[in-house]
1. For each of I118, I184, count neighbouring Cβ atoms within 10 Å of the residue's Cβ, then give the residues from fewest to most.
2. Of all DSSP beta bridges located in segment 127-222, what percent are antiparallel, nearest 5?
3. Taking the Cα atoms of segment 206-270, what is the range of coordinates along each of the three principal axes, in descending order and whole Å?
4. For a quick check of your reading of the filter: which trypsin sites (Lys or Arg not before Pro) in segment 102-163 sit in a DSSP loop and have no more than 12 other Cβ atoms within 10 Å?
5. Grab the beta carbon distance between A267 and T104, set R0 = 45 Å, and tell me the FRET efficiency rounded to 0.05.
6. Once all Cα-Cα distances of segment 104-258 are split into 10 Å bins that start at 0, what whole-number percent is in each one?
7. So which aspartates and glutamates pass the test for K269, namely a Cα distance under 15 Å, with those fewer than 8 places away in the same chain ruled out?
8. Out of segment 103-201, which chymotrypsin sites (Phe, Trp or Tyr not before Pro) are coil in DSSP terms and have no more than 11 other C-beta atoms within 10 Å?
Amino acid sequence: MKTLFDKHRREEGSLIIYAFLAVIILGAIGGVATYVTHNVETTQRRVSYSEAYNFSEAGVMLASSHVNHAFTNSQNSFVENLAGNYSSYSKDTERSDSQTLIYTNTITHPFTNQPVSIELTMDNVAEPPNVRIASVAHVRGVTVTNTAVVELTFAYRATIVSDHYGSASASVTLASALLGNVVIPTASSGSPLAIDGRIIANGRANLGSVGVDTNMISMTNYGTAKQVPDYTSSGSADQLFDFARLIKAADLTDNHYKSIDAFIRAARKEEVFEGII
């Protein structure tokens, strides 16, 4: 008996194998494409997050500068300065109340086509002790918020603060002190003398046998970024008091003394214990 070869059945088997391999290859290509797409999306999201974080962080820094300007500008009140032309914050009347003030702003400069939303939250008082700054940036669907709390306080917290420019003299003498330096000689009794706190001086700080941590001394700050402002300079931006009004009040109460000696003489006679010199 002669056996005939089944050619058609063999060809059908080959087609099934080819189709199966094609499915495997196409699946592998699809998997690689999905992986690449996922990696691209992840990388893009990381880039967007980094950009949004940088914009948000910069917003905090700019807002801190605005708060500092509003706090140190004595021409108007703190909240008036916030709403002024320099920073242009708007009061959120819906969320502000008798206890809390909320001011908002959208910063666009110096950014390019990238606004940053700023929210300031503080106690509803004339000079709030601190301000909470929230800065929000959106970049390609990614939102990042940075928050900071700035404390409004006197910047030069120290036991001894001197704003005189002083001199280069390092001697522990009266002459050096008269030149505007901080001079603390050794106690004549021999008893130990200690300074419990910092010393900040625009001139030098010349000490005798005084117990003080050298790391707590900041001197020769005149002409540097750490220079202590002269808060008694009339008409300057750093002026703390309205001297004209104080002098007027002293004149009306006969407590205005033209010199320190005049005040000392009156105090010795117990005629007065306070006044304006």
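Read-outs: derived from the displayed coordinates by stated rules, not from any lab. None of these values were measured; they are calculated from a predicted model. Using ideal geometry, Cβ is built from the backbone for each residue, glycine included, and neighbour counts are taken over all protein chains shown.
1. Details: I118 22, I184 18.
Placing the least packed residue first, the sequence is I184, I118.
2. Beta bridges within segment 127-222, antiparallel portion: roughly 50 percent.
3. 47, 34, 14
4. Working: sites: R132, R140, R157; in loops: R140, R157.
Loop-located and lightly packed - R140, R157.
5. On the way: r = 54 Å, r/R0 = 1.19.
Calculated transfer efficiency: 0.25.
6. Per 10 Å bin, starting at zero, the Cα-Cα P(r) for segment 104-258 comes out as 9, 22, 22, 23, 15, 7, 2, 0 percent.
7. D261
8. On the way: sites: Y103, F111, F154, Y156, Y165; in loops: F111, F154, Y156, Y165.
Those that pass, being in a loop and sparsely packed, are F154.
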